[in-house]
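Enquirer: Here you go, one structure.
Any read-out appearing in this document is the output of simple, stated calculations on the displayed coordinates, not a laboratory observation. Not measured: the values here are computed from a predicted model. All Cβ positions, even for glycine, are placed from backbone atoms using ideal geometry, and neighbour counts span all protein chains on display.
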Amino acid sequence: MNGFSQTGHGVLAVALFLSMQAAHAKSLPPRDITQYVVKSGDSLYTLAGQYMESSDDWRLVRDLNHVANPRRLQINSRLAMPTGRLKQKLLAARVVAVRGGVEKSTAPGVPFIPVSAGALLQEGDEVRTGRDAFVSMTLPDGSHIVLPSSSRIQIVRLRTTLLTGAIERRFDLKQGEVTTDVTPLRNPRDSFRVTSPSVVAGVRGTRFRVNYLAQQDATTVEVLAGKIGVDSSPDGSARPQPFPGDAETLVLAGYGNVTRTGATAGTPVALLDAPGITEPDKLQRLKQVEFDLTPVDAASAYRTEIATDAGFLDLLRDQRSSGLHVAFDDIPDGNYFVRVSATDPKGIDGLPQVFTFVRHLDTTNLTAAPTESGGYAFKWHVDGEAARYRFILSTNDDLSAPLIDLLDVTGGAMSVAHLAPGKYYWSVVVDVFENGRLLSVPGEIRSFTQTR
């Protein structure tokens, strides 16, 4: 009878102890504790050694859970672990593309040094881009960060908690703009935040841009996919809760807002539609790469970006213009992507649209001169590569109904005699093979007038 009584009291004591554990854990803010399910072989000493910042932290867990014997824990029982003392591991971001002058500093007051592709960036590093410079980086979870020209950002937090696997990422935008493509967060405790002097933007998987407008002392946010929570941040500090559900303002895909430093988060507004490009398939053969955009109602400016990849991680150019015609110098031959968007009067960039284009500079340098016989001598530059030249002469400015249309002209010169008086138009088309296909590069159409 006594044995049965002792067993009953023991069960009651265990139940009471577990109840006290649960009640104590519930009295704490949920984000200040992490629940751990006890496994075979666990003790407070081994748990502190594996998961806590200090092996002496077993005492914190003991006091928090009122554990009588730190060496004997009931399997499948729950322990409340102080989240703030959980051991964390620093992570690194890898630079995947660099254009122009990109530098980093590892701490305040430490001189900036150049950054190259393949470099690793860690917590505390500050990265800055010069004029017409760009850098993109990839995080361990596959998220991408792109910093355009004249921007500056600091990696404030980039680490994972060993016990939970939760990843914490915080970036402090000090100048310019940052574009992010965040892999959806799977762990409830994962966080991704971008702060500026005006806002804290918290996300759980989305594509968005944050641009700090220093002259206006305001920050614009544009959401391209998913949703983000935006909080005002007069001093650039982050609220403890970064998730969209608890934010002052929830900004959905296709919307953006602007928040001035010291004011509440701005009301979301719909992003402007994307402009188009007239003749998007035009071969870019002139000295400048040029695009003519289609107008968008309510747009105050336009933005045109060029990259070597569809994801725009390897940016080449980024230009804002008040007009619809944009031009770029020094674009090498190759295949590219161009992204265009409209900007509203508040400075919020609208939805983007992406096109492909081919760049092949015309290097024929066409010239023509009259001959003594009353004809003309035509010359052009031959670049020495395996190319075929086609000569076209017409009385029409679009070279239609040609008088002469010769293929495989060699030597870079030819003469035409006995031309009747009138105005003539001519050009040379260069046929080259690139990536297994024939590419015809029309030269500039020149004209002359035969007077006798």
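Enquirer: Sorting check: for 206-219, 351-364, which peptide has the highest mean count of neighbouring beta carbons within 10 Å, and how do the rest follow? Intermediate results must be reported in sequence, preceding the final value.
Expert: Details: 206-219: 19.5, 351-364: 17.0.
Highest to lowest by the protection proxy: 206-219, 351-364.
Enquirer: So, R0 is 25 Å and r is the distance between the beta-carbons of Ala327 and Ile445; what FRET efficiency does that work out to, to 0.05? Intermediate values should be presented prior to the final figure.
Expert: Values: r = 19 Å, r/R0 = 0.78.
Here the calculated transfer efficiency is 0.80.
Enquirer: Below 26 Å, Cα to Cα, which lysines can Lys379 reach? Residues fewer than 8 away in the same chain don't count.
Expert: Answer for Lys379, where 26 Å is the Cα cut-off: Lys282, Lys287, Lys423, listed by chain and number.
Enquirer: Next up: Net charge within 9 Å of Ile331 by Cβ-Cβ distance, Lys/Arg positive one each and Asp/Glu negative one each, not counting Ile331 itself? Present the calculation step by step, with values, prior to reporting the outcome.
Expert: Working: positive: Arg317, Arg359; negative: Asp329, Asp330, Asp333.
Net local charge, Ile331 excluded: -1.
Enquirer: So, one more: What does the charge count around Leu121 come to, taking other residues whose C-beta lies under 14 Å from its C-beta (Lys +1, Arg +1, Asp -1, Glu -1)?
Expert: On the way: positive: Arg94, Lys104, Arg128, Arg152, Arg157, Arg159, Arg169, Arg170; negative: Glu103, Glu123, Asp125, Glu126, Asp172.
It works out to a net charge of +3.
Enquirer: Let me ask something additional. Using a simple charge model, +1 on the beta-carbon of Lys and Arg, -1 on the beta-carbon of Asp and Glu, nothing else, what dipole does the chain show about its Cα centre, in debye to the nearest 20? Working shown, then result.
Expert: Values: 47 positive and 49 negative charges, 410 e Å.
Here the size comes out at about 1960 debye.
Enquirer: If R₀ is 35 angstrom, what is the calculated FRET efficiency for the pair Glu53 and Phe112, using the beta carbon separation as r and rounding to 0.05? Kindly include the intermediate steps, with their values, before the conclusion.
Expert: On the way: r = 32 Å, r/R0 = 0.91.
My answer for the efficiency is 0.65.
Enquirer: What helices does the chain hold that run 15 Å or longer along their axis, going by alpha-carbon atoms, with a Kyte-Doolittle average of 0.0 or more, using DSSP H for the helix calls?
Expert: Taking the DSSP H segments of the chain (at least 15 Å long, mean hydropathy at least 0.0), we get 2-26.
Enquirer: Be a star and scan segment 341-370 for residues whose amide nitrogen sits under 16 Å from the point 7 Å along the Cα-to-Cβ vector of Asn335.
Expert: Residues 355-360 qualify, since their backbone N sits under 16 Å from the label point.
Enquirer: Just need the relative contact order of segment 355-452 here, percent rounded to a whole number, with Cα pairs under 8 Å and 6+ apart.
Expert: Values: 196 pairs, mean separation 27.2, N = 98.
Answer for segment 355-452 is 28 percent.
Enquirer: Run the numbers on segment 88-270 and let me know its relative contact order in percent, using alpha-carbon pairs under 8 Å that are six or more apart. Provide the component values of the computation, followed by the final result.
Expert: On the way: 559 pairs, mean separation 26.3, N = 183.
Across segment 88-270, relative contact order equals 14 percent.
Enquirer: Calculate the spin-label point distance for Gln35 paired with Lys346, positioning each point 7 Å from the Cα along the beta-carbon direction, and give it in nanometres.
Expert: About 4.1 nm separates the two model spin labels.
Enquirer: Something else: Once both labels are modelled 7 Å past Cα along the beta-carbon direction, what's the Ala420-Thr371 spacing in nm?
Expert: Here the modelled spin labels are 2.0 nm apart.
Enquirer: So how far apart, in nm, are the two label points at Arg159 and His66 if each is 7 Å from Cα heading toward Cβ?
Expert: Label-label distance for Arg159 and His66, simple model: 3.2 nm.
Enquirer: Efficiency by 1/(1 + (r/R0)^6): what FRET value for Gln74 and Thr183, r their Cβ-Cβ distance, R0 = 60 Å, to the nearest 0.05? Don't skip to the answer; put the middle values down first.
Expert: Details: r = 38 Å, r/R0 = 0.63.
Efficiency computed from Cβ-Cβ geometry: 0.95.
Enquirer: For the chain, what are the per-bin percents of Cα-Cα distances with bins 10 Å wide, up to the bin holding the maximum?
Expert: Histogram of Cα-Cα distances, whole percents per bin: 4, 16, 20, 17, 13, 11, 8, 5, 3, 2, 1, 0, 0, 0.
Enquirer: For Lys287 and Gln215, calculate 0.36 nm times their separation in residues minus their Cα-Cα distance, and state this gained length in nm to one decimal.
Expert: Numbers: separation 72, 0.36 × 72 = 25.92 nm, distance 3.46 nm.
So the extension gain works out to 22.5 nm.
Enquirer: Starting from the Cα of Ala298, step 7 Å toward the Cβ, then list every residue of segment 254-286 with an amide N under 16 Å from that point.
Expert: 254-258, 267-275
Enquirer: Now, a different point. Which of the peptides 193-199, 338-344, 178-184, 39-45 is most tightly packed, and how do the rest follow, going by the mean number of other Cβ atoms within 10 Å of each residue? Numbers along the way, then the final one.
Expert: On the way: 193-199: 27.0, 338-344: 22.7, 178-184: 20.1, 39-45: 13.7.
Highest to lowest by the protection proxy: 193-199, 338-344, 178-184, 39-45.
Enquirer: If you stretched the chain out fully between Ala387 and Thr308, how much longer would it get, using 0.36 nm times the residue separation minus the C-alpha to C-alpha distance? Mind dumping the intermediate values first?
Expert: Numbers: separation 79, 0.36 × 79 = 28.44 nm, distance 2.52 nm.
Full-extension gain reported as 25.9 nm.
Enquirer: Moving on to the next point. Output the relative contact order of segment 277-359, whole-number percent, from Cα pairs under 8 angstrom with separation of 6+ residues.
Expert: Details: 175 pairs, mean separation 29.3, N = 83.
Relative CO of segment 277-359 lands at 35 percent.
Enquirer: Could I ask something else about it? In a shell of Cβ-Cβ distance under 10 Å around Gly443, excluding Gly443 itself, what net charge do Lys and Arg (+1) and Asp and Glu (-1) give?
Expert: Details: positive: Arg285, Arg390, Arg446; negative: Asp362, Glu444.
Once all neighbours under 10 Å are counted, the net charge is +1.
Enquirer: Looking at the square roots a ≥ b ≥ c of the eigenvalues of the Cα gyration tensor of segment 88-270, which shape do they give, rounded for a/c under 1.5, prolate if a/b is larger than b/c, or oblate? Could you put the intermediate results ahead of the total?
Expert: Numbers: a/c = 1.62, a/b = 1.18, b/c = 1.37.
Judged from the Cα gyration tensor, segment 88-270 comes out oblate (a/c at least 1.5, b/c at or above a/b).
Enquirer: For the chain, what does the helix formula give at 222 nm: sum of -39500 (n - 2.57) over DSSP H segments with n ≥ 4, over the residue count, nearest 500 deg cm²/dmol?
Expert: Details: 3 runs with 41 residues, N = 452.
Only helices count here, giving -3000 deg cm²/dmol.
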